[in-house]
Structure formats: C-alpha cells, structure tokens
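Here is the structure we will look at.
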Amino acid sequence: MTENLLITGAAQLLTVRGDAPRRGNSLSNLGLVKDGAVLVSDGKIAAAGTRKQVEARKGAKEAEKLDVGGRVVLPGFVDSHTHLIHAVSRVEEYELKIQGASYEEIAKKGGGILNSVKKLRAATSEALKLRARAALEEFASYGTTTVEAKSGYGLDVASELKILRLQRELKREQPLEIVSTFLGAHVVPAEFRGKPDGGERYVAVVVEQMLPDVVNENLAEFCDVFCDRGAFPVAQSRRILSEALAHGLAPRLHAEQLSHTGATQLAVELGAASCDHLEHVSAADIRALANSETVATLLPGCDFHLGWKNYAPARKLIEAGAIVALATDYNPGTSPTLSMPMVLSLACAQLRMTPAEAIAAATINGAYALKREKQIGSLEVGKQADLAVFEVEDYREIPYYFGMQPCWMTMKRGEIVYMRD
Ligand SMILES: [Zn+2]
C-alpha cells in the first residue's frame, strides 16, 4: 500500500494560497492553477501546483493516481456556523411564515427556538445522533469538510451537555471535523419566562452551572450568545462571554439579525472570533469590524428561507476591509440547508459577491473564523488534504447552477469521504 496519492486532471485547481485572513481585494485571489495537481502524503498536502511541477516532486512517481477528469478542485468548505444537533424540522412553522406570521410572533406562541428545545429535550441521544450523522454525510456530499456545531436547543444543564457530548462522539466516529461551540444563551427557556428576573436567573445558570461543566469536560472551544431583540441584551451577553473568555473559551456572537443592538461593538470589544448575521449593522459597526480581527460571518440562507429582503451589506463590509466569511447556519427554524454551493449562489445573487469572493469566504476565511487557518481552508503544503472536486469546467459555475448538487468528490485528511456514483 502506498502512502502517497497523486491527484491530476484538475482543469482548474483553486489553491486559495496566500495570507489569511482575506480582506478587500485579496478576497478574490483564488490562486488558480490550470491543469493542476495535488500530491497527498499521510493525509496532508505535499505539493499543489501545475501537473508538471507536482509530478516532478519526490514521491509523485510511486504514488497512487487519481485523475479527476478535467473537473475543478478547491479546498473543502469550512462551514463556520451551524446548529447541527436538533431533533426534527420545524416545517409546520414554514407555512405560517409564508402566510405572513413573523419570526417573533411564532416565537411568542411557543414556536421557534423553544419548539426545537421541547423536541430536543424529549429526544433520545440515539435519535439525535442518527439525524446528525445523516446530516454530516450530506454536508460531505456538498463539499464541506469542517463543520462548526453549536449547542443551544437544550437550555438546561443536562440537555446542553447531552448535545456537546454527542458532538464529541460524532467527532470521533465519522470523518468530518466538528468544532464545538457552547450556545447555552440561545434564548431564555420557557421555565424562566414570565418570572421576575427570569432572564437574569437563567444567565446565572449559564455562567455558574453550565459553563464550568462545559470547561471541565473540555466540550467546546467557543462560546456563542444570541444577542438580539427577544434573546439576550448586550449587558447579559457581555457577562456570559467575559466569563467564557476567563474560562478559555473564545467568544462569538449572533449579532444584529433582527434588530440593531450593539452586539457588533461588543464582539469587537471582546475580540470575538466572529460576529454572525449582521443584517442590521451600522456604518460605525462596519468600521469597527474592518479595524478588528473579528470575522463578519454572513448567513444569507436565513434571509432566503424567511423571505426577507434585507440581506447583510456584504459589499460595504468587503470594501471597508472587514474579514467576510460565509456559512449555512444549518438549523431547523431559519436556514434548513447544509449546502454551501447554495449559500455561494445566494452570496452572488443577493449579497453581490463575486464567485471568487464567495469561495474564499467559504474556505480560508471560514477557517480563520474557527482559528484553523494554519491547518485548513487552502491547498498549501503542510495543510490537511481537505478538498472538494466539482463537476464543472469553471469554478464560477458552482454558484451559477443554483440549487444543484455539483460536487463529485470530497476528501478529508486524504480520505475520500464522498464520491458520486
Ligand atoms: Zn445561528
């Protein structure tokens, strides 16, 4: 058995090489190589460049060969915002939304996130795991090789830990990389609502009970808060994320999705890894993000699914110099998709990003948002051999053919994890 694999026949190889993160004009630099090849050794990239260059490398001759037949090869997508583990879809709310009920009206009637919480608490670990495993296979089939996953449908100590422990098991039992985020502060659960100081009392549970357990069991790298109208105000979000930081968890935030709250300024103040959604950012927020290392993660799948017209101002963010990433926000309420190609289509059509910008935002900048830009997100020597091969001749056709399944093969750490029949 040979240790090396030589991949040839890439009509276009998008290396996405160079400095990370990408801001401004550099976002559209994909490091495109025609007639490209990749040499994989022990799950890592030993060479990536033109076929001629790579074939001349040591170990290339003896390597096992894989000809991708003129397709397009790029880094595997890094989906840096998902709610992977949930019990069931919320399809019953979908029709209500189409008929005009607002997200917040549905939430007030016990629908929305609280509906998913009720279902998750009642679900067995086995059922949750089975559903998440199927989703992860589906992620791989769309070219995704790394998935961030948040808790947040448990909202009591046992249920939040149940989700994060399942994520840890899944990390070991299947090939995709899972990056865990603790989102105990998703919304205030039903049992605390309507009580005096219910929100404050729940925040105390998050900080004093959940967080220490999450840290002791080493169940998450990041801590997230949904800082918005109907969820948590800035002051409570600051308290939770400051405590998380003190415990060694890097902050991230759901910010300015439903209203403008100041969550972006909080994210920048705390040096958050990312600040996600941003439909209602102000000019001052955009400037603050541009002068920070906090990634502006855009989730156009939500606006699309909910039929909203106010997509995040991607062009302003890019032109100001903010680090823009794209993710699915895979979740049962607002963005039931795990297709990064579909997110790229939305980024191009609605956010007015170019195909090149969208691909870099979904790979190297997504990796940066997860503090993994040294290991994944581009095809460069020494990085993990995480790549996706698409059934197109030109990379721009990936977003161009919207709602399609254009992925032909996905590889994680040198192992083929998806291949079209
Ligand atoms: Zn989310």
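The values are calculated or read from the model by the stated rules, or taken from the named source; none is laboratory data. Note that the structure is a prediction, hence the values are computed from the model and not measured. Here the Cβ positions follow ideal geometry from the backbone for every residue, glycine too, while neighbour counts run over all protein chains shown. Accessible surface is based on the protein model in full, side chains and every heavy atom, while ligands, DNA and RNA are left aside. Shrake-Rupley method; radii C 1.70, N 1.55, O 1.52, S 1.80 Å.
See the values below:
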| quantity | calculated |
| --- | --- |
| Residues of region 301-314 that turn out to be open to solvent by less than 70 Å² (accessible area, probe 1.4 Å) and within 20 Å of the chain's Cα centre (by Cα), as a count | 9 |
| Residue within region 10-30 that is open to solvent by 50 Å² or more (accessible area, probe 1.4 Å), more than 23 Å from the chain's Cα centre (by Cα) and of a type in the set (A, V, I, L, M, F, W, C) present | no |
| Residue selected from region 210-227 under the condition touching a helix residue (DSSP H, G or I) at 6+ places or on another chain (Cβ under 7 Å) and not in a loop (DSSP other than H, G, I, E, B), by the criterion farthest from the ligand (Cβ to nearest atom) | ASP213 |
| Number of positions in region 31-49 that are under 20 Å from VAL392 (Cβ atoms) and either open to solvent by less than 10 Å² (accessible area, probe 1.4 Å) or of a type in the set (Ser, Thr, Tyr) (or both) | 4 |
| Sole exception among (1) in contact with an Asp or Glu (Cβ under 8 Å, 6 or more places away or on another chain); (2) within 16 Å of the ligand (Cβ to nearest atom) for VAL72, by number | (2) |
| Residue within region 360-372 that is more than 16 Å from the ligand (Cβ to nearest atom) and among the aromatic types (Phe, Trp, Tyr) present | yes |
| Residues (out of contact with any His (no Cβ under 6 Å at 6 or more places or on another chain) and surrounded by fewer than 19 Cβ atoms within 10 Å (Cβ to Cβ)) located in region 212-228 | PRO212, ASP213, ASN216, GLU217, ASN218, GLU221 |
| Candidate set: region 374-406, residues that are in contact with a helix residue (DSSP H, G or I) (Cβ under 6 Å, 6 or more places away or on another chain) and within 17 Å of SER28 (Cα to Cα); chosen: the one surrounded by the fewest Cβ atoms within 10 Å (Cβ to Cβ) | ARG396 |
| Selection status of LEU166, more than 16 Å from the ligand (Cβ to nearest atom), open to solvent by less than 50 Å² (accessible area, probe 1.4 Å), modelled with pLDDT of 95 or more and hydrophobic (A, V, I, L, M, F, W, C) | yes |
| Output for region 315-332, where each listed residue is aromatic (Phe, Trp, Tyr) and either open to solvent by less than 10 Å² (accessible area, probe 1.4 Å) or without any contact (Cβ under 8 Å) to a residue 12 or more places away in the chain (or both) | none |
| Of all residues in region 236-248 being more than 28 Å from GLY301 (Cα to Cα) and part of a helix (DSSP H, G or I), the one that is least open to solvent (accessible area, probe 1.4 Å) | ALA244 |
| Residue in region 249-269 that is touching a residue at least 60 places away in the same chain (Cβ under 8 Å), open to solvent by less than 20 Å² (accessible area, probe 1.4 Å), touching a Leu at 6+ places or on another chain (Cβ under 6 Å) and within 25 Å of ILE98 (Cα to Cα) present | no |
| Residue in region 71-84 that is of a type in the set (Gly, Ala, Ser), under 19 Å from the mean Cα position of the chain (by Cα) and not in a helix (DSSP H, G or I) present | yes |
| Test: residue in region 91-103 that is touching a Leu at 6+ places or on another chain (Cβ under 7 Å), more than 16 Å from the ligand (Cβ to nearest atom) and either in a helix (DSSP H, G or I) or modelled with pLDDT of 95 or more (or both) | yes |
| Output for region 228-265, where each listed residue is within 16 Å of the ligand (Cβ to nearest atom), under 14 Å from LEU183 (Cα atoms) and under 18 Å from the mean Cα position of the chain (by Cα) | PRO251, ARG252, LEU253, HIS254, ALA255 |
| Options ALA149, ALA123, ALA134, ALA127; residue that is modelled with pLDDT of 95 or more, away from the ligand (no atom under 16 Å from the Cβ) and surrounded by 15 or more Cβ atoms within 10 Å (Cβ to Cβ) | ALA123 |
| Count of residues meeting criterion [away from the ligand (no atom under 16 Å from the Cβ) and assigned to a strand (DSSP E or B)] in region 308-352 | 2 |
| Residue that is outside any strand (DSSP E or B), open to solvent by 90 Å² or more (accessible area, probe 1.4 Å) and more than 16 Å from the ligand (Cβ to nearest atom), where the choices are LYS118, LYS65 | LYS118 |
| Which numbered condition ALA231 misses (of (1) out of contact with any Asp or Glu (no Cβ under 9 Å at 6 or more places or on another chain); (2) open to solvent by 20 Å² or more (accessible area, probe 1.4 Å)) | (2) |
| Index of the failed condition, ILE178 passing every other in (1) of a type outside the set (Phe, Trp, Tyr); (2) more than 15 Å from the ligand (Cβ to nearest atom); (3) assigned to a helix (DSSP H, G or I) | (3) |
